[in-house]
Amino acid sequence: MKVGIIGGGAAGFFAAIHVAENFPEAEVVILEKSSKVLSKVKVSGGGRCNVCNACTDIDELSKNYPRGGRQLRKIFGIFSTVQTMDWFEKRGVELVVQEDQCVFPKSQNSQTIIDCFRDEVLNKKIKIRLNAEVIGLENSHGIQLRFSFGDSEKFDKVIVTAGGHPKAEKLNWLKQCGHEIILPVPSLFTFNMPDEPVKNLMGIVVENALVSIQSEKLEATGPLLITHWGMSGPAILKLSAFGARLLADKKYDFKVQVNWLNQRNESVIRSYIQDHFLKCGNKQISNCRLSEIPQRLWDYLLEKIGLPSDKNCSQLSEKDKNKLINILSNDSYKVSGKTTFKEEFVTAGGISLNDVSFKSMQSKKVKGLYFAGEILDIDGITGGFNFQAAWSTAFIAAMLKED
Ligand SMILES: Cc1cc2nc3c(=O)[nH]c(=O)nc-3n(C[C@H](O)[C@H](O)[C@H](O)COP(=O)(O)OP(=O)(O)OC[C@H]3O[C@@H](n4cnc5c(N)ncnc54)[C@H](O)[C@@H]3O)c2cc1C
């Protein structure tokens, strides 16, 4: 049996290694369009490669995928984070789990993961063909692949692991054989706020904020970082991922609401503030920040609502307190544009999940054709979830099961 793997990235290598393991007699060929393999693995996680997440609860794990979580649940039952960590550790890659549950190689170097894959590929005699871009596919007694340099070649089975593509046209060759392509849009980006003076507070982190898109149901919680171009941090990245399509429709022009205390209940905030100021007595309000709000942000918020920073806490009127409650729980910023998050960014969209069987990862349109990795309309938030989707889908695809 001759098996072609289209794309020499994370999913492609993982799939090729498992095909070779499952079918030792098979000839396995990785077809890579560029002159380099595993280039995203190399730069991933800021060069450290956040290889997966330590979350082991499948329900919890699948909640980290704005698209594809429901479908992934099925395959996480077979290959999940536990199996990923076990797989790398059995091959001599020591792993460490950070406090935030992100898993990295102990070496803190993505090259360790690349070396592990290279050893496996060498041992299993998997062939790698570089500068081999696939541009066409025909299904007749096997799968005939057409390359950009003019040649074509027949394979018995093919796994497509060609990654995310920002332009849908790049997937035309898969559309032509019947697959629906969900329009690609970026996911995992930070918010630009060119007209908001809050940018001057760059470097400030609020540990637990609640952010939402004005007039929409979307919201996310977690640390929020103020940057020199706007806002970033896990809460914003999560919001960008879950809102990827909606925010693209809005052309990245919208208002973000910030609840700096992550507390929805106004009466809870009111009594919290009242108790706080009671303890502050006659001190100036500027010297009486809430512990959750860094000093520079506190001063900025007081200025934003026009409260003099030297006003005595005991002299705050009900109106002053209402303004404070409002800005702490319902602050608003205008977003104009986005910046791609350099540590990890992904494309939402790709092959429609309706066209793929999640028992086998086989295409419902072309027999003997399988999909894995980011080419699918699956994406996760930051934290190793995107690689996990690549490993899990590749593991299942490599079984080359017929439905
Ligand atoms: C800067 C950055 C950092 C990241 N860090 C992390 C991280 O730490 N943790 C995490 O979980 N995720 C991270 N991600 C996301 C993660 O890298 C991807 O989700 C993952 O690489 C997807 O794997 P893949 O094999 O599906 O696609 P890719 O890794 O993109 O591989 C696809 C391969 O297919 C090739 N190809 C494409 N079209 C064709 C064709 N027609 N013919 C032949 N070859 C083709 C491409 O050249 C490429 O080599 C990061 C992403 C970026 C951009």
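For the residues PHE341, PHE395, the requirement of being modelled with pLDDT under 95 and either within 16 Å of the ligand (Cβ to nearest atom) or crowded, with 18+ Cβ neighbours inside 10 Å (or both) singles out PHE341. Looking at the structure I just gave you, is PHE149 of a type in the set (Phe, Trp, Tyr) and surrounded by fewer than 15 Cβ atoms within 10 Å (Cβ to Cβ)? Judged against the criteria, PHE149 is a match. In the range 171-229, of all residues being among the basic types (Lys, Arg) and modelled with pLDDT of 95 or more, the one that is surrounded by the fewest Cβ atoms within 10 Å (Cβ to Cβ) corresponds to LYS175.
Taking each residue of the range 35-60 that is over 19 Å from PHE117 (Cβ atoms) and in the same structural domain as LEU95 (by TED's automatic domain parsing) and looking for partners that are charged (D, E, K, R) and near the ligand (Cβ under 10 Å from one of its atoms) with beta-carbon atoms closer than 8 Å, six or more apart or interchain, yields GLY46/LYS342; GLY46/GLU343.
For the range 132-157, the set of residues classified as assigned to a strand (DSSP E or B), touching a residue at least 12 places away in the same chain (Cβ under 8 Å) and away from the ligand (no atom under 11 Å from the Cβ) consists of GLU138, ASN139, ILE143, SER152, GLU153, LYS154, PHE155, LYS157, listed by residue number.
Quick one: is GLU120 touching a residue at least 12 places away in the same chain (Cβ under 8 Å), crowded, with 16+ Cβ neighbours inside 10 Å and in a strand (DSSP E or B)? No; evaluated as a whole, the condition is false for this residue. Of all residues in the range 352-365, exactly one satisfies the criterion of being touching a Leu at 6+ places or on another chain (Cβ under 7 Å) and more than 18 Å from ALA15 (Cα to Cα), namely LEU353. In the range 31-109, counting only helices (runs of 4 or more DSSP H) that sit wholly within it, the ones holding 3 or more residues that are surrounded by 13 or more Cβ atoms within 10 Å (Cβ to Cβ) and more than 12 Å from the ligand (Cβ to nearest atom) span 58-62, 69-76, 81-90. Filter the range 180-196 down to the residues that are part of a strand (DSSP E or B) and farther than 21 Å from ALA235 by Cβ, then identify the one that is farthest from the chain's Cα centre (by Cα). Going through the qualifying residues, I end up with ILE181.
The values are calculated or read from the model by the stated rules, or taken from the named source; none is laboratory data. Keep in mind the model is a prediction, meaning the values are calculated, not measured. Every residue, glycine as well, gets a Cβ built from its backbone with ideal geometry; the counts of neighbours run over all protein chains shown.
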